[in-house]
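**Student:** Have a look at this one before I ask anything.
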Amino acid sequence: MIRSFLDDFMGQYWGDLILLHWPVSVDVIQPTIPNSLELDLFEGEAWASVVGFHLSKLRISPIRWFPWGQFHELNLRTYVRDKDGRR
């Protein structure tokens with residue numbers, strides 16, 4: 001049911017995708033994380049990722065008539081858990 005709602009609300013295509021991951025010291029990344037979250041560690045290390053891609057075929061309801069176009073996107077992320085342990 002959620003997938004159906006999301007498919008109706010928004011659609012997009014990611015092409016030319018690249019994923020880069022590397023370990024980062026907890027001491028370096030911890031100050032950038034909100035107090036309500038904790039780092040999700042793997043073998044005692046935090047990880048950072050760079051995700052680059054070309055986004056196209058974007059559609060968002062209810063304004064499907066708007067020409068969103070296509071563009072390159074670059075995301076920098078790390079991995080966290082909330083107070084209930086959800087990633």
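**Student:** What is the percent carbon and sulfur in the accessible area of region 41-83, measuring with a 1.4 Å probe over the protein chains and ignoring ligands?
**Tutor:** Result for region 41-83: 63 percent of the exposed heavy-atom area is carbon or sulfur.
**Student:** Ok, one more. Kindly provide the helix-only [θ] at 222 nm of the chain, computed as the sum of -39,500 (n - 2.57) over DSSP H runs of four or more divided by all residues, to the nearest 500 deg cm²/dmol?
**Tutor:** -3000 deg cm²/dmol
**Student:** Moving on to the next point. Per-residue HN-Hα couplings for region 14-22, Karplus 6.51 cos²θ - 1.76 cosθ + 1.60 at θ = phi - 60°, whole Hz, x for Gly and Pro?
**Tutor:** Per-residue couplings from phi come out as 9, x, 6, 7, 9, 10, 10, 10, 8 Hz.
**Student:** Please list the radius of gyration and Dmax for region 43-87, considering alpha-carbon atoms only, with Å as the unit.
**Tutor:** Using the Cα atoms of region 43-87, the pair Rg, Dmax is 16.3, 48 Å.
**Student:** Over all pairs of distinct alpha carbons, what does the Kirkwood formula give as the hydrodynamic radius of the chain, in Å?
**Tutor:** About 15.5 Å, per the Kirkwood formula over Cα pairs.
The values are calculated or read from the model by the stated rules, or taken from the named source; none is laboratory data. None of the values given here were measured: they were computed from a predicted structure. The accessibility values were calculated without ligands, DNA or RNA, using every heavy atom of the protein model including side chains. Shrake-Rupley method; radii C 1.70, N 1.55, O 1.52, S 1.80 Å.
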